[in-house]
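Here the structure is laid out as structure tokens; the discussion comes afterwards.
What follows draws every value from the coordinates through simple rules; no lab data is involved. Everything numeric in this text was worked out from a predicted model, so none of it was measured. Cβ: placed from backbone, ideal geometry, glycine included. Neighbour counts: every protein chain shown.
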Amino acid sequence: MPRHLMNPLDFSVEELEELFDLANDIEANPKKYEDACKRKKLATCFYEPSTRTRLSFEAAMLNLGGEVLGFSDAASSSAAKGESVSDTIRVISCYADICAMRHPKEGAAYVAAAKSLIPVINAGDGGHQHPTQTLTDLLTIRSLKGRLGNFTIGLCGDLKFGRTVHSLINALSRYENVKFIFISPEELKVPDYITDMLNEKNIEYREVIRLEDTIGELDILYMTRVQRERFFNEEDYIRLKDFYILTKSKMEQAKEDMMILHPLPRVNEISVEIDDDPRAAYFKQAAYGVYVRMALILTLLGIKM
Ligand code: CP
């Protein structure tokens, strides 16, 4: 049976350490890996828009000497004619060695994995999970802070619909002494199933509304955009979209070494004047996404170097 990645918890903490060590080795020695996936094919099946995830998967496979095929829009696939995800993945299994799938419906990648003959990677399923973004976030924190654990992280913005937030909280709940501060308007609070999990594990968290009141406590600030595509009406989106804007004046209250992360795309929630602040790590984070996806492809294909 192929091994899939649906949720960051599919890998143990020890397996993640191995994956991140491999990603760091790939970053340091790219030539060593340039033919590692020769004659292997990655299918990217994206039923929802993407820049980073799809292109970093494709760059990852190309960097490994492999090839890529796929579609970037449901309208250009036979989904537009009514084909099910189950049928599509059975067919893709005949054409490629591994598949990264993004879909607007929660659980779609799980449906695909259940029928697939090749490894399936969940590249984002609705407002549910985005495990490879979490691998990217963890690798960025580990590489730049030197540790996973012993920090206070503030997650700010749309904590209700933001799948990157849900996956990251799940993943960080397994590390020592991580304190969470959830910063959101009342309407966009983190779902109950997440706070229930934190309560069961006795993990410290607080829910607040104002970023200014808490920014000084944070070692990491994880900003997110308001997820327009998941709102039921445009009025609510317009009311909430600029609730948080990280500016230079707010950054004056932050620690000297606070790291700013954002899964991107950014809309308005981080002012562009912050981009030159040495604490802004979101573009480096996007670069780490390629190394970790290279490590993931090698791991799921069982290719040892
Ligand atoms: N972070 C992220 O998932 O970006 P894309 O939607 O551009 O893939």
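Values for this structure:
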item: The chain - mean residue ellipticity at 222 nm from DSSP helices (-39,500 (n - 2.57) per run, n ≥ 4, rounded to 500); result: -11000 deg cm²/dmol
item: Percent of Cα pairs exceeding the 31 Å cut-off, where the set is the chain; result: 29 percent
item: Stretch gain in nm, segment E200-S271, where the contour uses 0.36 nm per residue and the Cα spacing is subtracted; result: 21.9 nm
item: Rh (Kirkwood; distinct C-alpha pairs) - the range 132-285, Å; result: 15.6 Å
item: Entries in K31/K160; K40/K179; K115/K189; K145/K189 that, when Cα-Cα distance is taken, lie over 31 Å; result: K31/K160; K40/K179; K115/K189
item: The range 8-75: C-alpha gyration tensor shape, a/c 1.5 cut-off, then a/b vs b/c; result: oblate
item: From phi via Karplus (6.51, -1.76, 1.60), per-residue ³J(HN,Hα) for the range 72-77 in Hz, x at Gly/Pro; result: 10, 7, 4, 5, 9, 10
item: Helix axis angle, 163-172 relative to the chain longest principal axis, alpha carbon, degrees; result: 80 degrees
item: Helix axis angle, 282-301 relative to the chain longest principal axis, alpha carbon, degrees; result: 30 degrees
item: The chain - percent relative contact order, Cα under 8 Å, separation 6 or more; result: 20 percent
item: 5 angstrom amide H check on I270, placed H, neighbours 5+ away; result: L246
item: Contact order normalised by residue count of the range 132-285, Cα under 8 Å, 6+ apart, percent; result: 24 percent
item: Beta bridge orientation in the chain: antiparallel %, DSSP, nearest 5; result: 5 percent
item: Between the range 171-209 and the range 264-305, the alpha-carbon center distance in angstrom; result: 23 Å
item: GluC sites (Glu not before Pro) within the range 213-305, DSSP loop, no more than 13 other Cβ atoms inside 10 Å; result: E252, E256
item: Point-charge dipole on Cβ atoms (K/R +1, D/E -1) for the chain, about Cα centre, debye to 20; result: 920 debye
item: Within the range 51-114, GluC sites (Glu not before Pro) in DSSP loop having at most 16 other beta-carbon neighbours inside 10 Å; result: E83, E106
item: Cβ-placed point charges (K, R +1; D, E -1), dipole of the range 132-285 about Cα centre in debye, nearest 20; result: 480 debye
item: Listed residues G82, G154, G124, most fluctuating in the chain (Gaussian network, C-alpha, under 10 Å); result: G82
item: Residue-wise HN-Hα coupling along the range 4-19, computed from phi with Karplus coefficients 6.51, -1.76, 1.60 (Hz; x: Gly, Pro); result: 10, 10, 9, 8, x, 6, 5, 10, 5, 4, 5, 5, 5, 4, 4, 4
item: In the range 1-99, the trypsin sites (Lys or Arg not before Pro) that fall in loop regions by DSSP, at most 10 other Cβ within 10 Å; result: K38, R39
